[in-house]
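Visitor: Take this structure, written in C-alpha cells, and hold onto it; I'll ask about it next.
The values are calculated or read from the model by the stated rules, or taken from the named source; none is laboratory data. In this text, all values refer to a predicted model and were calculated from it rather than measured experimentally. Cβ placement follows ideal geometry from the backbone for every residue including glycine, while neighbour counts extend to all protein chains displayed. These accessible areas exclude ligands, DNA and RNA; they are computed on the full protein's heavy atoms, side chains included. Shrake-Rupley method; radii C 1.70, N 1.55, O 1.52, S 1.80 Å.
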Amino acid sequence: MATCYACPATPSIKIAKTSDPACVPCFLNWFEEDVHATITATKIFSRGEKVAIGVSGGKDSTVLAHTLAILNQRYDYGLELFLVCIDEGIAGYRDHSIREVHKNQSDLQLPLKILSYKDLYGWTMDEIVARIGPKNNCTFCGVFRRQALDRGAEKCGAFKVATGHNADDVAETVLMNLLRGDIARLQRSSTQVSGSEGGITRVKPFRYSYQKDVVFYAHFKKLNYFSVECSYSPNAYRGLVRNHLKAIERVSPRVIMEIVRSGEAVVVPQSEAPLIRRKCIQCNYTSSQELCQACRLLSGLNIGESTHDIVKSTKKAPVSTDSSAATSNGCGSGGGGDGCGCNNNSVDF
Ligand code: SF4
C-alpha cells in the first residue's frame, strides 16, 4: 500500500505540484517549506522591511497571510507584516468577504487597514455599474484597486505589497499576454518584483505554488475564507485560457511551472518596454501620462462621458507604463490573488 512521500502514514492527497502522495501533516509542512524556498530563492524580502499583504477574504490571500505569518516567525525573516483590504463597495460580495478578513485579522493579530473606493474615489463599484452598465466593470475596478492597494501600503509605511497570485494565475497571464502578442507586458508580469518604478513594489510569494495546493492548505488548515465569485465578473477570455490550461494540466501537471518559467525566460529589448514615470498632476500617483488612469476614468465618470469614451481614453498610450495600467479586457489584478479574490480577467499584475 502506498505511503506518504515523507513518512509511513497512509496518504490523504496527492500534492498537485509534485504528484507525490502525502498525509495531511506532511502536506502542510511541505507547502510551507515550498513557499519558504520560493521566498529565499527569489530574495523578494529584506530583513526589517514593512510588507503590506493584500487581503480580500478569498482563499489565496487568506492562505498567503497565514503562511507569511508562520514563516516570518519560523525563519525569523524580521518582516513587519500588515493586512491591507480594499472595499470596492459591492453589496452582497465584498461586505461578506470583509467579515472573513476580520476573522483572519483576529487569528493572526496583524494590523489591518481597510480602504474603500467610496472614500478614495467618491464612487462605489455598485454606483459605477449603475452608471456604466454591465460591461467594462473590471477595467474600473482593477485600476482603482491597484492604486488603492498602494495607498493602503503607504498608510502602513510599507513599500512592498505581497499578493496571493499563484502559479496558475501567473501561467494564465503569461499565456494570455502571449496570445495577445503583448510581449512587453508578458515580461513585466513574469518578474519576481514588479512596479518598483512607482516606489511601491509588488511580490508574489506563491508564484511557484499550485492553486490546488493552496486550496488543500486552506481546507486542511480550516482557514476562514469567502469563496463566492463577484457578480460583476465576466471573465470570458481568462476563463477560456484557464480551461485550456486545466485540460493540458490533466495530461501533464508540470505544464504550469513550465509556462511560468518560460515567461521568466522572456527578455524584451529595452526599446519595446519603455518605462517613463512621472506623477499624476491631479493625485500625485505614479503615472506614464499627465493624468493617471484612475483620474482619467474618474473624470469621465464625473462628467458623465459614455463608457466607450471613458475606457478609450485610458488606452491612448501605445505602451502604457502606468503602474495602474488597465488592460485591454479587464482589470490589472490577474486572478484573485491581489486582494480582489474575484478571479477576474486581466493580462497584467
Ligand atoms: Fe472588481 Fe473583481 Fe468584481 Fe471585476 S470581478 S468588479 S475586478 S471585484
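Visitor: Can you name the number of the only condition in (1) away from the ligand (no atom under 16 Å from the Cβ); (2) modelled with pLDDT of 90 or more; (3) within 17 Å of the chain's Cα centre (by Cα); (4) not small (Gly, Ala, Ser) that residue 191 fails?
Guide: That leaves (2) as the condition not met.
Visitor: State whether the residues of segment 87-105 include one that is part of a strand (DSSP E or B) and surrounded by 15 or more Cβ atoms within 10 Å (Cβ to Cβ).
Guide: Yes, because at least one residue in segment 87-105 is part of a strand (DSSP E or B) and surrounded by 15 or more Cβ atoms within 10 Å (Cβ to Cβ).
Visitor: Can you give me the number of residues within segment 71-104 that are among the polar types (S, T, N, Q) and within 16 Å of the ligand (Cβ to nearest atom)?
Guide: 1
Visitor: Mind checking which residues of segment 34-81 are within 19 Å of residue 191 (Cβ to Cβ) and in a loop (DSSP other than H, G, I, E, B)?
Guide: Across segment 34-81, the qualifying residues are 43, 44, 45, 46, 49.
Visitor: Something else about it: Kindly provide the set of residues from segment 146-163 that are within 14 Å of the ligand (Cβ to nearest atom), touching a Phe, Trp or Tyr at 6+ places or on another chain (Cβ under 8 Å) and of a type outside the set (A, V, I, L, M), ordered by number. Outline the logic, then answer.
Guide: So the first thing to find is which residues in segment 146-163 are within 14 Å of the ligand (Cβ to nearest atom), and the list is 146-149, 163.
In the following step, the residues that additionally are touching a Phe, Trp or Tyr at 6+ places or on another chain (Cβ under 8 Å) were identified as 147-148, 163.
The answer is 147, 163.
Visitor: Can you name every residue in segment 200-239 that is within 16 Å of the ligand (Cβ to nearest atom) and either small (Gly, Ala, Ser) or part of a helix (DSSP H, G or I) (or both)? Spell out the reasoning first.
Guide: Initially, segment 200-239 is screened for residues within 16 Å of the ligand (Cβ to nearest atom), giving 225-239.
Selection gives 227, 231, 233, 236, 237, 238, 239.
Visitor: Kindly list, by first and then second residue, each pair from a residue in segment 113-128 that is under 25 Å from residue 308 (Cα atoms) to a residue that is in a helix (DSSP H, G or I) and open to solvent by 50 Å² or more (accessible area, probe 1.4 Å), limited to pairs with Cβ atoms under 6 Å and residues at least 6 apart or on different chains.
Guide: 124/118
Visitor: Could you say whether any residue in segment 43-54 is modelled with pLDDT of 95 or more, farther than 25 Å from residue 154 by Cβ and either more than 16 Å from the ligand (Cβ to nearest atom) or aliphatic (A, V, I, L, M) (or both)?
Guide: no
Visitor: Kindly provide the set of residues from segment 167-222 that are under 19 Å from residue 20 (Cα atoms) and open to solvent by 10 Å² or more (accessible area, probe 1.4 Å), ordered by number.
Guide: Within segment 167-222, 208, 211, 212, 215, 216, 219, 220 qualify.
Visitor: Quick one: which residue in 254, 296 is within 21 Å of residue 175 (Cα to Cα), of a type in the set (Lys, Arg) and modelled with pLDDT of 90 or more? Break it down into steps so the answer makes sense when it comes.
Guide: Values: 296 fails: within 21 Å of residue 175 (Cα to Cα).
After ruling out the rest, the residue left standing is 254.
Visitor: Provide a single number: the residues in segment 147-159 that are open to solvent by 20 Å² or more (accessible area, probe 1.4 Å) and either assigned to a helix (DSSP H, G or I) or basic (Lys, Arg) (or both).
Guide: So in segment 147-159, the residues open to solvent by 20 Å² or more (accessible area, probe 1.4 Å) come out as 151, 154-155, 157, 159.
Adding the requirement that they be either assigned to a helix (DSSP H, G or I) or basic (Lys, Arg) (or both) leaves 151, 154-155.
The qualifying residues number 3.
Visitor: Can you tell me how many residues in segment 116-131 are open to solvent by 30 Å² or more (accessible area, probe 1.4 Å) and assigned to a helix (DSSP H, G or I)?
Guide: Number satisfying all stated conditions: 7.
Visitor: Still on this structure, I have one more. Being within 25 Å of residue 257 (Cα to Cα) and free of Cβ contacts under 8 Å to residues at least 24 places away in the same chain narrows it down to one residue among 16, 65, 9, 41; which is it?
Guide: Values: 16 fails: free of Cβ contacts under 8 Å to residues at least 24 places away in the same chain; 65 fails: free of Cβ contacts under 8 Å to residues at least 24 places away in the same chain; 9 fails: within 25 Å of residue 257 (Cα to Cα).
When all the criteria are applied, what remains is 41.
Visitor: Spot the failing condition for residue 262; the list is (1) of a type in the set (Gly, Ala, Ser); (2) within 16 Å of the ligand (Cβ to nearest atom); (3) at pLDDT 60 or above, and only one is missed.
Guide: Result: residue 262 passes all but (2).
Visitor: Right, here's the next one. Test each condition in (1) away from the ligand (no atom under 16 Å from the Cβ); (2) modelled with pLDDT of 60 or more; (3) over 30 Å from residue 16 (Cβ atoms) for residue 322 and report the one that comes out false.
Guide: Here residue 322 clears every test but (2).
Visitor: So, one more: From (1) in a loop (DSSP other than H, G, I, E, B); (2) in contact with a helix residue (DSSP H, G or I) (Cβ under 7 Å, 6 or more places away or on another chain), pick out the condition that doesn't hold for residue 134.
Guide: It fails just one condition, (2).
Visitor: Also, quick follow-up: Within segment 241-253, how many residues are within 16 Å of the ligand (Cβ to nearest atom) and open to solvent by 50 Å² or more (accessible area, probe 1.4 Å)?
Guide: Going through segment 241-253 one residue at a time, the tally reaches 0.
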